[in-house]
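Heads up: the structure comes next, in C-alpha cells.
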Amino acid sequence: MIGISLFDVIGPNMVGPSSSHTAGAVSMALLARKIFYKEKKTRERLIRRADFTLYGSFAKTYRGHGTDRALLGGMLGFETDDLRIRDAFSYAEANGLEYSFSVSEDKDMHPNTADMDLTGMDGRKLFVRGVSLGGGKVKITRLNQIEVDFTGEYSTLIVSQTDKQGVAAHITKCLSDCGVNIAFMRIFREAKGAKAYTVVESDEKIPEAVMDSIKKNPYIANVTLL
Amino acid sequence: MDFKSGKELLDLCEKMQMPISEVMKRREAELTGMREEEIDAGIKKALSIMDNSAHEPLEKEMNSMGGLIGGEARRLKEGSKEGKSFCGDVITKAITYAMAVLEVNASMGVIVAAPTAGSSGVLPGVLFALKEEWGLEDEVLHQGLYTAGAVGYLLMRNASVSGAQAGCQAEVGSASAMAAAAAVEMMGGTPGQALSAAVGALSNLLGLVCDPIGGLVENPCQNRNAVGAVNALINAQQALAGIRQKIPFDEMAQVMLNVGRNLPFELRESALGGCATAPSACGLGGCGKGIG
C-alpha cells in the first residue's frame with residue numbers, strides 16, 4: 001500500500017515497550033518465519049532452531065526492550081499484539097524451538113538490526129537479516145549470502161535463480177501473462193553469473209499460478225510467494 | 001479524497017461541510033480500499049485496547065522490564081481519593097491514565113502506539129478523562145481518534161514522529177497535538193479550532209529532548225506523557241474559547257521538524273545526554289554509553 005494509513009498513526013496495536021525494538025522485532029521474525037515456511041512446502045518444514053545475532057541499539061538494550069522475547073515470539077507466529085510474547089521463552093521451550101542470542105560489536109550496521117539463522121526439522125537452513133526502521137516498520141536486507149531490500153508490506157514474490165541472460169525477461173513475461181501489475185522489481189546477486197534473487201512486489205495479490213510458470217525456466221531454483 | 005497539508009484538510013472540511021474525523025475516514029477508505037465498517041472496527045479495537053491499558057494499572061501492579069517505573073497510576077488514584085486532587089478531576093484523570101498506559105507499555109502489555117509506543121499514554125489520557133467527566137459516548141471518542149489520526153498523519157508525512165530523528169517533541173509533542181485536535185472536535189469545536197489547538201500543543205513542547213534513562217521507554221517518558229495530555233487539554237480549552245494561534249499548522253509542523261534537526265545526537269534517543277546522563281541516572285542503567 002502506498003501512503004500513510006490511519007492505522008500507521010493510531011497503531012500498531014502492540015506489546016510494549018518500543019515500536020522499533022519490540023513490535024519491529026516481532027514483525028521481522030514473522031517475516032523470516034513466513035519466508036522459511038513458504039520457501040518449501042514439505043511436512044518437515046517446521047523451524048527447529050533459531051540463532052539470533054543483534055547489532056547496534058538492539059545489542060545494547062535488547063533485554064530492557066524485550067527484543068529477545070519479541071524475536072522469539074515472532075518466530076513462534078505471534079502477532080505484534082499477542083500477550084504471549086511476554087512469555088516467549090517458555091512457549092519456545094513448550095514448542096521445541098531451540099534458540100540462542102548473541103550480540104555483535106559491528107558498528108557499520110544499521111543500529112536496529114538482527115540476523116536470524118534458521119534451521120528446519122529437516123536440516124534446511126535460511127539466513128535472514130532484518131532491520132527495524134522505526135514505528136514498527138521493518139525491511140529484510142539479506143537472504144542467505146545475498147544482500148536484498150524489501151519490506152513484505154506488498155504481495156511479494158522471491159525468485160531464487162542463477163544470474164543468466166533472459167531469466168528476468170522470463171519472469172516479467174510470466175507476471176504479465178498472469179496480469180500482475182508490478183510495483184517494484186529488483187534483481188540482487190552475489191556476482192555476475194552467480195546465485196541471485198529477483199524480488200517482485202505488487203499492490204495486488206500475486207496469483208499462485210504464476211509460480212509454476214516461472215519455475216519452468218531451467219535457471220530458476222525456487223519461487224516463494226509471501 | 002486526499003490531503004497533504006493542514007490547509008488542504010481545512011479546505012476539504014469547508015468544501016464538504018464535514019468535520020476532520022469524517023474527511024479522515026473517507027481518505028482511509030479511498031487509500032486502502034477498505035469499507036467504512038471495517039475501518040470503524042479497527043478504530044473500535046484501538047479504543048478498547050486504549051481503555052484497557054488506561055485502567056488496568058489502577059487495579060493491578062505492573063512490573064516494568066527496566067524496573068524504573070510501576071505503580072504511579074495507582075498512587076495518583078489513591079491520592080485523589082484522599083482529597084489531594086487539587087488539579088481537578090479532568091486533569092487528574094488525564095495524567096493518571098497517561099501514566100497508566102506507559103506502565104502497561106513498559107511491562108510488555110498491549111498498547112496502541114499513537115503515534116509511538118513512547119507517547120502512547122497521551123491520547124488515552126485525554127480521551128478517557130473527557131469521556132468519564134463529560135459523559136461522552138464511545139462514538140464521540142471514535143471521532144476523536146479519526147481526528148487525532150488526521151493530525152498524526154500530517155505530522156508523520158510532513159514533519160517527524162520519531163524521537164531518534166527529532167526528539168521527544170516529535171513523539172509526545174505530536175501525540176499532544178493529536179489529542180488537542182481530538183478534544184476540540186469531541187467538545188464541539190470547528191476544524192479550524194482543532195488545528196489551532198494542535199499548533200499550540202506543538203509550540204509549547206518545541207525542543208523537548210528525548211533522553212530516556214538507560215535507553216528504556218520508562219523514565220522520563222512516563223512523566224512526559226502526563227505533560228502531553230495536560231498540554232492537549234490546555235490548548236483545546238484555549239481554542240474552544242476562541243483563541244487562535246498566530247502560526248498556521250503547516251508552518252508549525254515545519255518548525256518542529258527544523259528544531260528537531262537542530263537537536264544534537266545526544267538528545268535524540270541515544271541515551272547520551274539529558275536525564276540519561278544525570279549522575280543518579282547512571283546507577284540505573286548504562287550512563288553515557290549510549291544506545292546508538
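The values are calculated or read from the model by the stated rules, or taken from the named source; none is laboratory data. Keep in mind that what you see is a predicted model, and the values were worked out from it rather than measured. Quick reminder, even Gly has a Cβ in these numbers, built from the backbone with ideal geometry, and neighbours come from all protein chains shown.
On the basis of being charged (D, E, K, R), under 27 Å from B:G67 (Cα atoms) and crowded, with 22+ Cβ neighbours inside 10 Å, does A:R129 make the cut?
Judged against the criteria, A:R129 is not a match.
Quick one: which of B:G79, B:G70 is assigned to a loop (DSSP other than H, G, I, E, B), surrounded by 13 or more Cβ atoms within 10 Å (Cβ to Cβ) and free of Cβ contacts under 8 Å to residues at least 40 places away in the same chain?
None of the others qualify; the one that does is B:G70.
Quick test for you: out of B:A98, B:A114, B:A94, pick the one residue that is facing chain A (nearest Cβ under 9 Å), modelled with pLDDT of 95 or more and more than 17 Å from A:D82 (Cα to Cα).
B:A114
Out of all the residues in region B:216-238, which are surrounded by 24 or more Cβ atoms within 10 Å (Cβ to Cβ), assigned to a helix (DSSP H, G or I) and over 12 Å from the mean Cα position of the chain (by Cα)?
B:N235, B:A236
Does region B:25-39 contain any residue that is surrounded by fewer than 18 Cβ atoms within 10 Å (Cβ to Cβ), more than 11 Å from every other protein chain (Cβ to nearest Cβ) and under 21 Å from the mean Cα position of the chain (by Cα)?
There is no residue in region B:25-39 that is surrounded by fewer than 18 Cβ atoms within 10 Å (Cβ to Cβ), more than 11 Å from every other protein chain (Cβ to nearest Cβ) and under 21 Å from the mean Cα position of the chain (by Cα).
As an exercise: evaluate A:A191 against (1) surrounded by 15 or more Cβ atoms within 10 Å (Cβ to Cβ); (2) over 29 Å from A:A23 (Cα atoms) and give the number of the one condition it does not meet.
(1)
Check off (1) crowded, with 24+ Cβ neighbours inside 10 Å; (2) assigned to a helix (DSSP H, G or I) for A:F89 and give me the number that stays unchecked.
Unmet for A:F89, out of (1) crowded, with 24+ Cβ neighbours inside 10 Å; (2) assigned to a helix (DSSP H, G or I): (1).
So, A:G3, is that one at positive phi, modelled with pLDDT of 95 or more and of a type outside the set (A, V, I, L, M) or not?
Against the criterion (at positive phi, modelled with pLDDT of 95 or more and of a type outside the set (A, V, I, L, M)), A:G3 does not qualify.
Please state which of the following conditions B:V199 fails to meet, knowing it meets all the rest: (1) within 14 Å of another protein chain (Cβ to nearest Cβ); (2) touching a Pro at 6+ places or on another chain (Cβ under 8 Å); (3) free of Cβ contacts under 8 Å to residues at least 60 places away in the same chain; (4) of a type outside the set (G, A, S).
Failing condition for B:V199: (1).
Taking helices (runs of 4 or more DSSP H) that fall entirely within region B:153-215, which contain at least 3 residues that are at pLDDT 95 or above?
Passing ranges, in order: B:168-186, B:191-204.
Buried (at least 19 other Cβ atoms within 10 Å of the Cβ), at the interface with chain B (Cβ under 9 Å from one of its Cβ atoms), under 20 Å from A:A114 (Cα atoms) and small (G, A, S): is that true of A:G74 in this structure?
Answer is no for this residue.
Search region B:40-52 for residues being of a type outside the set (A, V, I, L, M, F, W, C) and within 9 Å of chain A (Cβ to nearest Cβ), and hand back the single one that is farthest from B:V126 (Cα to Cα).
In this case the residue turns out to be B:G42.
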